[in-house]
Amino acid sequence: MGAAAADLEARQLRILGRIADLELAAQRRRLGKLSISGPSDAEADAGSTEARLSALLTERGVRDFAFRRVPADYYDRPLEERRGLLRADSVAQLCKSIVMVNTQAAADVVDCSNPKNSKYYVVIVQYMARLNAETIKNFLYELNEKKIPKKRFNMRLAPEEESRKLTGFVHNAVTCIGMETDIPVIIDEAITKLDEDFFWLGGGEVDLKLGMLTSQFLNAFRPFVVKCS
């Protein structure tokens, strides 16, 4: 490599490094506005849902997360108002956790012990998106190397009471963090491709919402990433 080419490459690397530094700084400024939660919050109120989930997230290595309380009529408001209450960058960051059950699973598939062929899955999807159960069915069929007949996969929304028993959370409070049952998690690929590395979901109580860095969530919980909307 000539001197001119080497100098050009060095300059390009410096520019890329500077861009990365600017993106990180911008991300930290956004997070700074969210009152990031951490171990200190857990120590302040060891019995609360927020404290329990904070401890679980910290234990898993998720450092950048936030809790926010919302009004009782939160779910009666349009998505744009909800976005404002959470101070999210866009409505695309507003997500929900749905417990789904495989109604056609074989008789011996009764629990979540096999993540590849579980009776239940928790699916994280955007509020603005429409969940496509067929794509989840196809994903699970491929995940099992087509050794299980496709007719054995039929994903449907689990009954509310069944969801509560499995997760420990009531309707509109469901989150995939700290569930009673270790249910495999599927996250819609669209969430992982948002420009902002951040998403919001239920926080274990109806008026409590939890937001975190998507990249840290993926590293900590290793969900299945599926294009399911």
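The values are calculated or read from the model by the stated rules, or taken from the named source; none is laboratory data. These figures come from a predicted structure and were not determined experimentally. Neighbour counts are summed over all protein chains in view; Cβ atoms, including those assigned to glycine, are modelled from backbone coordinates with ideal geometry. Surface areas here come from the heavy atoms of the whole protein model, side chains and all, with no ligands, DNA or RNA. Shrake-Rupley method; radii C 1.70, N 1.55, O 1.52, S 1.80 Å.
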For a label point 7 Å along the Cα-to-beta-carbon line of Lys193, residues of the stretch 130-159 with backbone N under 19 Å: 130-140
Derived scalar couplings ³J(HN,Hα) [the stretch 159-167; Karplus, 6.51 cos²θ - 1.76 cosθ + 1.60; whole Hz; x for Gly, Pro]: x, 4, 5, 5, 4, 5, 5, 6, 9
Placed amide H near Ser97: partners under 5 Å, 5+ positions off or other chain: Gly202
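Net charge near Asp182: determine it from the other residues with C-beta under 15 Å of the C-beta of Asp182, scoring Lys and Arg +1 and Asp and Glu -1.
Details: positive: Arg60, Lys116, Lys119, Lys165, Arg222; negative: Glu59, Asp111, Glu180.
Neighbour charge sum, excluding Asp182 itself: +2.
Tally Lys and Arg at +1 and Asp and Glu at -1 over the other residues with C-beta under 12 Å from the C-beta of Tyr141: what net charge comes out? Please list the in-between numbers first.
Details: positive: Lys116, Lys137, Lys146, Lys147, Lys150, Lys151, Arg152; negative: Glu134, Glu142, Glu145.
Summing Lys and Arg as +1 and Asp and Glu as -1 gives +4.
Could you give the alpha-carbon Rg of the stretch 113-229 over 2.2 N^0.38 Å, rounded to two decimals?
Details: Rg = 14.2 Å, N = 117, 2.2 N^0.38 = 13.4 Å.
After normalising by residue count via 2.2 N^0.38 Å, the value is 1.05.
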Fully extended contour minus Cα-Cα distance, from Leu218 to Ala107, at 0.36 nm per residue: 36.8 nm
Asn138 paired with Glu59, simple spin-label distance in nm, labels 7 Å along Cα-to-beta-carbon: 3.8 nm
Vicinal HN-Hα couplings computed from phi for the stretch 203-210 (Karplus, 6.51 cos²θ - 1.76 cosθ + 1.60; Hz; Gly/Pro x): x, x, 9, 4, 9, 10, 10, 10
Solvent-accessible area, 1.4 Å probe, carbon plus sulfur percent, for the stretch 44-107: 47 percent
Centre separation in Å (Cα based) which lies between the stretch 78-147 and the stretch 207-229: 11 Å
Placed amide H near Leu213: partners under 5 Å, 5+ positions off or other chain: Asp64
Per residue accessible area of the stretch 116-184, 1.4 Å probe, in Å²: 54 Å²
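Take peptides 144-156, 86-98, 69-81 and line them up by average Cβ neighbours within 10 Å, highest first, as a rough protection proxy. Walk me through the numbers before you get to the answer.
Details: 144-156: 14.0, 86-98: 18.5, 69-81: 12.2.
Peptide ranking by packing, descending: 86-98, 144-156, 69-81.
Go through Val206, Val101 and list them by solvent-accessible area, largest first, probe radius 1.4 Å. Please list the in-between numbers first.
Numbers: Val206 65, Val101 15 Å².
Sorted descending by solvent-accessible area, the residues read Val206, Val101.
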Full-stretch length increase - Tyr74, Glu160 - with 0.36 nm per residue and alpha-carbon distance subtracted: 29.0 nm
